[in-house]
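Structure, as structure tokens:
The values are calculated or read from the model by the stated rules, or taken from the named source; none is laboratory data. Keep in mind the model is a prediction, meaning the values are calculated, not measured. Please note: Cβ atoms are built from the backbone with ideal geometry, for glycine as well, and neighbour counts cover all protein chains shown.
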Ligand SMILES: Cc1cc2nc3c(=O)[nH]c(=O)nc-3n(C[C@H](O)[C@H](O)[C@H](O)COP(=O)(O)OP(=O)(O)OC[C@H]3O[C@@H](n4cnc5c(N)ncnc54)[C@H](O)[C@@H]3O)c2cc1C
């Protein structure tokens, strides 16, 4: 059986897929295999999750069959969810999706600090690539991780915690799948909170550039959606925290009460939307988390897409570049300068802020960043031509590409953007001396 990623632009080699039910079975598979890759939800747009892959440009593929190579899916792994209220942590399978995790945590009155736009991705897969949401005070999703359990290349089960193994731990969380099979993860949690989401439309770009910091810090999580074609940001989404879940009787599943935040009808020249809207004009807002200030649980507002929806346009390729927050406005202006090249290629962009962290391969290592994201129409030859132009425009701004999306930044430049890259190589050599977990992607961007 051959498999593809979510966006179907990558065809994975046809190595067998194993679905172990126990950690012992998993250890056996790893010991017996020459090459191993773990599959998350396969939502990455590049070959990060593939043992070997072909980029699907014209439909003709060479499919590799290697019976000593193995894909591993953790979907069947028996790994119960454990909430430790005293320590303020939740321990879960690396293969659980955020959708399932969030619903189960909320039912117990617990919450994560942030989520990505969609709940369909797995916790280990997302943290491996530095997946993020938005919010000036919010680190990416991997910053919530305080403990890791993983199977190394020799089949050993290892545990790391942020308290006891700080240095190595900071290298092991955003791992690009290189340290081994992450079986269980412990995440910091907090009491479940309620949120209200508001959208403003057509913010003049001049207002944005003039007031960038105020606008990005205007709510717990803020996203800008420009298509760069007019002199406006098409939509600005503000996700406000409004209190704790719990209702009057303390029941965690009680609907939160609406809170009047006194938001004005016009903000920095943008008008409050009068209906629920999708970031891409003419696509229905059905399937999006509710806007218009309707109160809801944290995970029903932090995600843009509801659990049972098809996220985004469903027909797209994505790229994203991070630049230090200090360069945000000139970087956005540089991208805007390419607007004529984007016309007819782009569904929409999204700009989000991410707090600095200490995770070696995090795109926000050592600096708060702005993520400049592009949802392209699915036309790889056209996207492949425009990526170097975007990358050239952003080159003066210490750019780091998203590990899970498409980019053409040369491997040497990618490596140079991470001060701890050599330490990361050393870490992988120590957990995987023979390169069992190495794939073409790691060979290029880490060892190349
Ligand atoms: C519609 C859409 C919207 C998106 N929105 C966002 C967003 O809001 N923010 C953002 O930052 N990104 C976003 N992404 C990108 C996505 O979050 C990342 O690509 C993420 O890594 C996908 O997680 P996954 O579970 O699909 O992992 P995969 O793509 O399957 O795997 C990613 C990497 O993790 C490794 N891996 C997976 N599981 C394990 C494990 N248990 N142990 C060890 N290694 C493992 C894989 O081998 C691979 O190297 C979006 C993608 C799509 C398709």
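I'd like to verify a number: residues in region 129-167 that are farther than 30 Å from residue 350 by Cα and not in a loop (DSSP other than H, G, I, E, B), how many?
Number satisfying all stated conditions: 12.
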### Scope region 317-327; condition out of contact with any helix residue (DSSP H, G or I) (no Cβ under 6 Å at 6 or more places or on another chain) and either in a helix (DSSP H, G or I) or at pLDDT below 95 (or both); matching residues
325, 326
### Single condition residue 407 does not satisfy, out of (1) part of a loop (DSSP other than H, G, I, E, B); (2) away from the ligand (no atom under 16 Å from the Cβ)
(2)
### Task
List the number of the failed condition for residue 37; all other conditions in (1) near the ligand (Cβ under 10 Å from one of its atoms); (2) in a loop (DSSP other than H, G, I, E, B) hold.
(2)
### Query
If you take the residues of region 281-304 that are at pLDDT below 95 and touching a strand residue (DSSP E or B) at 6+ places or on another chain (Cβ under 8 Å), which of them is surrounded by the fewest Cβ atoms within 10 Å (Cβ to Cβ)?
281
### Task
Counting only residues that are within 14 Å of the ligand (Cβ to nearest atom), give me the strands (runs of 3 or more DSSP E) lying completely in region 170-240 with at least 3 of them.
181-188, 221-225
#### Entry: Of all residues in region 411-448 being surrounded by fewer than 14 Cβ atoms within 10 Å (Cβ to Cβ) and part of a loop (DSSP other than H, G, I, E, B), the one that is farthest from the ligand (Cβ to nearest atom)
419
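For every residue, the table says whether it meets (1) touching a helix residue (DSSP H, G or I) at 6+ places or on another chain (Cβ under 6 Å); (2) near the ligand (Cβ under 8 Å from one of its atoms); (3) within 21 Å of residue 297 (Cβ to Cβ); (4) at pLDDT below 95.
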{"residue": "91", "(1), (2), (3), (4)": "no, no, no, no"}
{"residue": "97", "(1), (2), (3), (4)": "no, yes, yes, no"}
{"residue": "105", "(1), (2), (3), (4)": "no, no, yes, no"}
{"residue": "110", "(1), (2), (3), (4)": "no, no, yes, no"}
{"residue": "118", "(1), (2), (3), (4)": "no, yes, yes, no"}
{"residue": "125", "(1), (2), (3), (4)": "no, yes, no, no"}
{"residue": "131", "(1), (2), (3), (4)": "yes, yes, yes, no"}
{"residue": "137", "(1), (2), (3), (4)": "no, no, yes, no"}
{"residue": "149", "(1), (2), (3), (4)": "no, no, no, no"}
### Summary
In the set 230, 218, 243, the lone residue that is under 23 Å from residue 376 (Cα atoms) and in contact with a strand residue (DSSP E or B) (Cβ under 9 Å, 6 or more places away or on another chain) is 230
### Task
Go through region 113-128 and give me each residue that's closer than 20 Å to residue 371 by Cα and in a loop (DSSP other than H, G, I, E, B).
113, 114, 115, 116, 117, 118, 119, 121
### Residue check for residue 340: modelled with pLDDT of 95 or more, within 30 Å of residue 103 (Cβ to Cβ) and more than 13 Å from the ligand (Cβ to nearest atom)
no
